[in-house]
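Please read the structure below before turning to the comments.
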Amino acid sequence: MSREGRAAFDALLAGGLLEGDRRAVARAISLVERGEVAPDVVAHALAPRLGRAHVVGVTGAPGAGKSTLVHALLGELLKLGRRIAVVAVDPSSPISGGAVLGDRVRMGRHGEHADVFIRSLASRGHAGGLSRCTTEVVDLLDAAGFDTVIVETVGAGQAEVDIMRLADTRIVACPPGLGDAVQAIKAGILEIADLLVVTKSELPGAATTLRDLKDMLPLRSAAVAHPVSVLPVSAIGRDGGEVVEGGDGVAELAAAIAAHREAVGCGRRLALRRAPVAVTDPAAHVRALAAADPCAVALGIACTDAGAGHATVEMTLTPQHLNFMGGCHGGVIFTLADTAFGLAANSHGRVAAGIDAHITYQHAARVGDRLVAQATESSVSRRLGFYTVRVFVRDGPVISNFTGTVAVKR
């Protein structure tokens, strides 16, 4: 961050940015994109004005029709009197490093409307489907008074799911020919959807894709708080291929977005930034986390002792925990150790995510053995925590030693 950049940003705050002046908004985004103003400065300055815009994320594989879908959706939202901003993350040019701007070309007609603001951002190699500064740009548009902010990701695969932490309503565009039913239930991008949209629904194979996605829903329904809809949409008109605002299914999609907003509200990204509630009873907090862990519960892992920076979990080996050679499956021991590690790391009330782990195995375990995993905090800072875990048979030998590192998210 430069002193000049901070001064320019402060001038924009006082000179029309918060009133939605388009030129001020554009200049502020440029400052953020060039790194001339720090993200924490933007967040602090805009905090009182955030949380009013409904952030809609649109993601999907390259060629899924995301830009065409957003263009058609813009027309429908304009009919409802909304002020809409679009943040389109484009692939970076290998020559200049800038955005190719393909999305701006497809949305050009609506880009001239007084109630529409479209900005492309170069991904610049950033993984996850977004750019480094997408969150700050969304904050700027929220503070500038836009009712809806649509974020279109770069063409994404199964692992590019950063949009789930940014958007209030997440749309995954799925073109016909997505794949067989096995492909449709794979973990990743399909699991983050609030709305699944079969794009190009006028093409052959759309009905099959629609059926596969609907068949997938029962496998993930327990993990979502709001029912997931699967909608066929064709943004192509019947007048020689021209894209029209009233394409088949677009109005239904706009209605589904409005219904989801009514159900879940706005500001999902802001909730992830808030300071955690202070933990006054670490032991009770850790036991509650353990009870809410479906994997641990399914394996019979129970928390038997806990406190600030430490946790002990236990399980009794049964035939279901054995491998094909009749010994205890190494993955079971790792899961036991990893469970203790995760509980100890999250005992302070902060969200901590494992980023590194190492395990060694010293002794075999048998059916009927009561395995114990004791995790202890070695050191912790604002950003990193280090833990050791000892796995042993109760009143018996050490089975395994485990070390792990976490990144403290908040």
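FYI, it's all coordinate maths here, none of it is from the lab. Computed from a prediction, not measured in an experiment: that's the story for all the values here. Here the Cβ is made from the backbone with ideal geometry for all residues, glycine too, and neighbour counts use every protein chain on show.
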Going by how many other Cβ atoms sit within 10 Å of their own, how do 386, 334 line up, fewest first? 386, 334
Computed E for residue 41/residue 226 - FRET, C-beta separation, R0 35 angstrom, nearest 0.05: 0.50
Neighbourhood net charge (14 Å Cβ-Cβ; Lys/Arg +1, Asp/Glu -1) for residue 403: -2
Among 359, 333, 171, which comes first, second and so on when ranked by fewest other beta-carbon atoms within 10 Å? 359, 333, 171
FRET efficiency (residue 259, residue 283; Cβ distance; R0 35 Å; to 0.05) is 0.25
The distance between the Cα centres of the range 291-314 and the range 334-410, in whole Å, is 11
Could you tell me, in Å, what Rg and Dmax come out for the Cα atoms of the range 282-408? 13.8, 44
Once Lys and Arg are counted +1 and Asp and Glu -1 for all other residues with Cβ under 9 Å from that of residue 373, the total becomes -1
Computed label-point distance, nm, for sites residue 203 and residue 403 using a 7 Å Cα→Cβ extension: 5.1
With the label point 7 Å along the Cα-to-beta-carbon line of residue 308 and a cut-off under 12 Å to each amide N, the hits in the range 374-395 are none
For residue 79, the aspartates and glutamates lying under 18 Å Cα to Cα, once residues fewer than eight places off in the same chain are dropped, come out as 112, 115, 147, 245, 248, 252
Starting from the Cα of residue 320, step 7 Å along the direction of its Cβ; do the same at residue 363; then give the gap between the two resulting points in nm. 2.6
Net charge near residue 283 (other residues with Cβ under 15 Å of its Cβ; Lys, Arg +1; Asp, Glu -1) is -2
Would you pull out the residues with amide H under 5 Å of residue 154's amide H, same chain only if 5 or more places away, H placed 1.01 Å from N? 89
